[in-house]
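Data first, discussion second: the structure below is written as structure tokens.
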Amino acid sequence: MERFSAVLVALALMILVGAPAARATAMEKVGNYLLPVESGEIEGAGTAVPKKCDVVVVGGGCGGIYSGYRLLSGSTVIKPTVCTFEATNRVGGRIFSIRGLGKYADMTVDLGAYRYVDGRHTLVQGLVENLLKLKYVLYDPSSTTFRKIVDDKGDDLGFVTFVEELAKLSMSLGMKLFLNSPVTKVDRMPSTSSDTQYSVSVMGPGGKVMKVVAKHVIFNVPQRPLMRILQNSNLARITDWNPALDMPFPLMAAKMYLYYDDAWWVYMNRLNGTMNDPNTNNATTFNSSSLFITPPLRGRYHDGDWKCNADNSKCHGMLMYTYASDNGGTFSRGGQGLDISPYNGVVPRFYWNYAVNPDPSKPYVVLDMASNSGKNLIMAAHKKVVDYHIGINVPIPEPYASTYPSQAVVVVWDPQIHWTGGAWHSYKNGIFGSAVSTNYSDPRNAVPVASIKPFAGENIWVANEAFSAVQGWAEGSLIMAENVVTQMGAAAPTFISPERHACVLHPTYNYNATLCALSLNPLVQGVTRRSAAAAASSIALATLQASAKLASGRKLGTF
Ligand SMILES: Cc1cc2nc3c(=O)[nH]c(=O)nc-3n(C[C@H](O)[C@H](O)[C@H](O)COP(=O)(O)OP(=O)(O)OC[C@H]3O[C@@H](n4cnc5c(N)ncnc54)[C@H](O)[C@@H]3O)c2cc1C
């Protein structure tokens, strides 16, 4: 009954919280930088910091917000007050959607995470589809594996929407969320009568340090940010942290999108598939000078946002030009980024000097033709796209082949990016879980189990992708968080079945294939407007092609 009431309360609150709305305004120009609307700035966050919170969550990534939600949404052994401190001005961490891009300020780009796996990402899918009731479509229309979050019309809403909505729901249940509030250290206080307590130092506005006393601390931060806090705290002088925390290492990833006022790939009905510069796929030719002087092409037609006008006679959109990462391998394959194959690592590093944000803790930049680096990058990339299509005998028709994109979004998730420390994590080459566990040799099993509570006897918890069994995915972070809150006494969640809960209730890589491979909800592809638009636009293109000269043989210099 108590659980049922909690569900009703949650549902009522969801209705109050309302459906997510796209927030798009025009971008601001500061010097050479175009500054778009960032996601996740939650209204109402950041009232006065209390002196005491039962649970302090460090980090407002998906794992931190989920921990807060779960502690507050079910009956728990302790009835906690939950305070979540987030270093940046937004929730979501490495789920980072920027909005308001393009000529009409209506394009959304996911700089980090962008999709979930149907039937495998139990917790993400349960939140998106069952709890928050967000709309979703196939990420790639030719594959049923991945889903992404969209609005009523089927347009990209940004993957961070589920974290934003979960944060709002958690706040309505009582979570206190503080943005722009980095935690700098967590000290174990001298033992009092019955309770172990921690003094959490938070850097507030103007550099003022505030101290909050907590009974439990949940670290949602990735490995490098966690090390930064722990090196500063007295915890490690009281008892060593479990060496599992040292086993992961961060990898780098990069993306680049080009904004075209005419989404020619939609007109050409190329709505899925990849575009690859052959040089970047071939380790033996990676020394080719062209790889270093021209932007490596590793694009996907199906990734970027696009929209058409009402009669589908004109579409504009974001073309994913590149998505590439270090190859971390797994412990069994070895691999530490650069050493496994020469081209891995080269591709993201090409974009390093472009993704320079005025705020060094941000991994991205938006460039246009008015800046030198923007012009050089955009022109070189467009030439490569044109040449690529000539090379595969599907030339881009005029006037589109001769029309440059007007914006580029470049993101490099570098391990030095302050609050994230890389794109995602792998395990160091040669590391065996047996160093921290008698039960597991695969670190994907041993590390999550050992790092969930890394200080013996302390109420210090870790829930982050870096230490999870499902590295590189939001699901990994949520599985750790689910195990943390369950160990703290939270009741089972209501948005997934008990069977599915059982399958995530061990943080290891050993999924129960039968229980965990079931699809949660059938795909309701309620959103057909986009394919209709594509079909109509490709008919328009056929007419255009009949009268226009194709781009065959054109080179950049002749534009
Ligand atoms: C390019 C890219 C593509 C990806 N694609 C996918 C995908 O398609 N699907 C998917 O599921 N996953 C994907 N991932 C992985 C996914 O983004 C991460 O696994 C997930 O977001 C990690 O969540 P987290 O909560 O564990 O950590 P984070 O998102 O890193 O959150 C940690 C939070 O802690 C904050 N923080 C750090 N230090 C402090 C401090 N001292 N005090 C307070 N706050 C602090 C940070 O600002 C951040 O908000 C992708 C990642 C990248 C980079």
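Which of the residues belonging to the stretch 107-128 are within 15 Å of Tyr66 (Cα to Cα) and in contact (Cβ under 8 Å) with a residue 40 or more places away in the chain? Outline the logic, then answer.
Applying the first criterion (within 15 Å of Tyr66 (Cα to Cα)) to the stretch 107-128 yields 121-128.
His121, Thr122, Leu123, Val124, Gln125, Gly126, Leu127 - these are the residues of the stretch 107-128 that are within 15 Å of Tyr66 (Cα to Cα) and in contact (Cβ under 8 Å) with a residue 40 or more places away in the chain.
On the basis of being buried (at least 24 other Cβ atoms within 10 Å of the Cβ) and acidic (Asp, Glu), does Glu465 make the cut? Don't jump to the end; show me each part of the working.
On the way: buried (at least 24 other Cβ atoms within 10 Å of the Cβ): yes; acidic (Asp, Glu): yes.
Taking the combined requirement at face value, the residue satisfies it.
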Fill in: Residue satisfying all of: in the stretch 192-237; surrounded by 17 or more Cβ atoms within 10 Å (Cβ to Cβ) and of a type in the set (D, E, K, R); farthest from the ligand (Cβ to nearest atom) among these
Lys215
Worksheet item: What is the number of the single condition among (1) part of a loop (DSSP other than H, G, I, E, B); (2) surrounded by fewer than 24 Cβ atoms within 10 Å (Cβ to Cβ) that Gly40 does not meet?
Response: (2)
Item to complete: Among the candidates Ile431, Ile479, Ile452, single out the residue that is more than 16 Å from the ligand (Cβ to nearest atom) and of a type outside the set (Lys, Arg).
Response: Ile431
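Looking at the stretch 153-164, which of the residues that are of a type in the set (A, V, I, L, M) and near the ligand (Cβ under 10 Å from one of its atoms) is nearest to Thr84 (Cα to Cα)?
Among those residues, the one meeting the criterion is Val163.
Within the stretch 386-393, can one find any residue that is in the same structural domain as Tyr351 (by TED's automatic domain parsing) and either at pLDDT below 90 or in a loop (DSSP other than H, G, I, E, B) (or both)?
Going residue by residue through the stretch 386-393, those that are in the same structural domain as Tyr351 (by TED's automatic domain parsing) are 386-393.
Now narrow it down to the ones that are either at pLDDT below 90 or in a loop (DSSP other than H, G, I, E, B) (or both): 392-393.
Yes: the stretch 386-393 contains one or more residues that are in the same structural domain as Tyr351 (by TED's automatic domain parsing) and either at pLDDT below 90 or in a loop (DSSP other than H, G, I, E, B) (or both).
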Worksheet item: Looking at the stretch 252-273, which of the residues that are near the ligand (Cβ under 10 Å from one of its atoms) and out of contact with any Ser or Thr (no Cβ under 6 Å at 6 or more places or on another chain) is nearest to Pro443 (Cα to Cα)?
Response: Met252
Discussion item. Tell me whether the stretch 242-259 contains one or more residues that are without any contact (Cβ under 8 Å) to a residue 60 or more places away in the chain and surrounded by fewer than 15 Cβ atoms within 10 Å (Cβ to Cβ).
Written reply: no
Discussion item. I'm trying to understand the selection: among the residues of the stretch 434-449, which are in contact with a Pro (Cβ under 8 Å, 6 or more places away or on another chain), within 16 Å of the ligand (Cβ to nearest atom) and not β-branched (Val, Ile, Thr)?
Written reply: Pro448
Discussion item. So, in the stretch 165-191, how many residues would count as being more than 16 Å from the ligand (Cβ to nearest atom) and within 26 Å of Phe455 (Cα to Cα)?
Written reply: 4
Practice prompt. Kindly indicate whether any position in the stretch 484-503 is within 30 Å of Ser199 (Cβ to Cβ), within 16 Å of the ligand (Cβ to nearest atom), more than 20 Å from the chain's Cα centre (by Cα) and at pLDDT 90 or above.
Written response: yes
Discussion item. When you scan the stretch 228-247, do you find a residue that is touching a Cys at 6+ places or on another chain (Cβ under 9 Å) and either among the β-branched types (Val, Ile, Thr) or assigned by TED's automatic domain parsing to the domain that holds Ala466 (or both), even just one?
Written reply: no
Discussion item. Tally up the residues in the stretch 147-161 that are within 21 Å of Gly93 (Cα to Cα) and touching a Leu at 6+ places or on another chain (Cβ under 9 Å), please.
Written reply: 6
Worksheet entry | the stretch 43-56 - residue that is surrounded by 12 or more Cβ atoms within 10 Å (Cβ to Cβ) and within 12 Å of Val202 (Cβ to Cβ) and, of those, modelled with the highest pLDDT | Val56
Practice prompt. Pick out the one residue from Gly391, Gly345 that is over 18 Å from the mean Cα position of the chain (by Cα), over 18 Å from Lys29 (Cα atoms) and free of Cβ contacts under 8 Å to residues at least 24 places away in the same chain.
Written response: Gly391
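The values are calculated or read from the model by the stated rules, or taken from the named source; none is laboratory data. Keep in mind that this is a model prediction, so the values were computed, not measured. Cβ: placed from backbone, ideal geometry, glycine included. Neighbour counts: every protein chain shown.
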